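The values are calculated or read from the model by the stated rules, or taken from the named source; none is laboratory data. These numbers were taken from a predicted model, which means no experiment stands behind them. Note: ideal-geometry Cβ built from the backbone for every residue, glycine included; neighbour counts use all protein chains shown.
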Ligand code: TXA
Ligand code: MG
């Protein structure tokens, strides 16, 4: 066991917070069985106390430590996709603190695939309550440095596991109250889950229609501080020209490779290209938003294709952007 894991364990056992790497985004972790420790997460993030947090466990062997009346489909999903970017919402066991569940009768469980955090969870034995390690509503962190930028000295330790491979948060599937629902598209695509289960998941875009309190479902979330507008490339080039003429600094965040169109850029205009492949794009998205945030007056991001492979990316962009064309 590395010295870093050793230190993380003693902090967690003492009721302190630790930044942890996962394959999706970095988490802000506390002992899920210790309500005082979990309360520190909410205080540091500035998150409303009635929003539930995911409990991270080593694997499906711990599932019944936290959940009860677990349906067969949940076992099936856990067997196939854990460790991995899938969170299951299940009926909670009575001992799960209200601080974790937001006072709801359900609990979100996930076994993350990052080797450092997997090792930490095996050693810890219990569950780690962990939301994404960012200020409430802000862009999620995909490197240890992002986490340090969010919390500074207020967070005693961030385990550095390198850049996150998936880059967007886990897929959340609810298996309580009737037909399984997709609450948040994410690292595991809807199609592969549906083909394993053999039926379609319900999917409500708005939290209010799903009747669930969950911060990732808020209309505004995952947002940079600089206004972000979404649109087609031609429109964005026009908008950029108008704003540049008015002495506003705009960054164009376009899809794919350098093309002739951007020869139309005016002096002083800035362009950055994001990968045209949905997985590579997801991996780069948050770091790109963070890098350009607060260096420009306006971020103009080209809308990716509307195909199923882009579902998780679209979900995050819709909540991050304040204007859509
Ligand atoms: O990939 C991820 O899921 C990352 C890494 C760190 O594991 N975590 C993450 O946590 O994105 P957070 O708290 O930023 O988003 C988790 C979402 C929130 O919208 C939360 O409200 C929802 O999951 N959630 C957690 N427990 C829930 C429950 N019992 N019922 C409904 N939603 C729940
Ligand atoms: Mg979050």
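List of remarks:
- Residue within the range 92-114 that is within 16 Å of ligand 2 (Cβ to nearest atom) and surrounded by fewer than 24 Cβ atoms within 10 Å (Cβ to Cβ) present: yes
- Among all positions in the range 119-130, there is no residue which is surrounded by fewer than 19 Cβ atoms within 10 Å (Cβ to Cβ) and within 15 Å of ligand 1 (Cβ to nearest atom).
- Checking residue 72 against (1) over 21 Å from residue 122 (Cβ atoms); (2) within 15 Å of ligand 1 (Cβ to nearest atom), the condition it does not meet: (2)
- Matching residues, the range 4-42, being within 16 Å of ligand 2 (Cβ to nearest atom) and more than 18 Å from residue 82 (Cα to Cα): 17, 19, 28, 29, 30, 38, 41, 42
- Residue-level analysis places residue 137 outside the set of residues that are in contact (Cβ under 8 Å) with a residue 24 or more places away in the chain, surrounded by 23 or more Cβ atoms within 10 Å (Cβ to Cβ) and more than 16 Å from residue 21 (Cβ to Cβ).
- Verdict on residue 58 being at pLDDT 95 or above, in the same structural domain as residue 175 (by TED's automatic domain parsing) and either over 24 Å from residue 150 (Cα atoms) or within 24 Å of the chain's Cα centre (by Cα) (or both): yes
- Among (1) out of contact with any strand residue (DSSP E or B) (no Cβ under 8 Å at 6 or more places or on another chain); (2) more than 17 Å from residue 18 (Cα to Cα); (3) surrounded by fewer than 19 Cβ atoms within 10 Å (Cβ to Cβ), the one test that residue 166 misses: (3)
- Complete set of residues in the range 92-113 that are within 21 Å of residue 23 (Cβ to Cβ), touching a helix residue (DSSP H, G or I) at 6+ places or on another chain (Cβ under 9 Å) and part of a loop (DSSP other than H, G, I, E, B): 111, 112
- Within the range 178-199, being within 11 Å of ligand 1 (Cβ to nearest atom) and either surrounded by fewer than 17 Cβ atoms within 10 Å (Cβ to Cβ) or over 14 Å from the mean Cα position of the chain (by Cα) (or both) holds for one residue alone: 181.
- Of all positions in the range 45-52, at least one carries a residue that is within 15 Å of ligand 2 (Cβ to nearest atom) and touching a strand residue (DSSP E or B) at 6+ places or on another chain (Cβ under 7 Å).
- With respect to the conditions (1) touching a residue at least 12 places away in the same chain (Cβ under 8 Å); (2) part of a loop (DSSP other than H, G, I, E, B), residue 177 falls short on a single one, namely (1).
- Check on residue 147, touching a strand residue (DSSP E or B) at 6+ places or on another chain (Cβ under 8 Å), farther than 29 Å from residue 3 by Cα and within 12 Å of ligand 1 (Cβ to nearest atom): no
- Filter result for residue 282 (touching a helix residue (DSSP H, G or I) at 6+ places or on another chain (Cβ under 6 Å), part of a helix (DSSP H, G or I) and not assigned by TED's automatic domain parsing to the domain that holds residue 164): yes
- When the criteria are applied in full, residue 48 meets the requirement of being assigned by TED's automatic domain parsing to the domain that holds residue 140 and either at pLDDT below 95 or within 14 Å of ligand 1 (Cβ to nearest atom) (or both).
- Residue in the range 137-145 that is assigned to a helix (DSSP H, G or I) and either within 11 Å of ligand 2 (Cβ to nearest atom) or within 19 Å of residue 292 (Cβ to Cβ) (or both) present: yes
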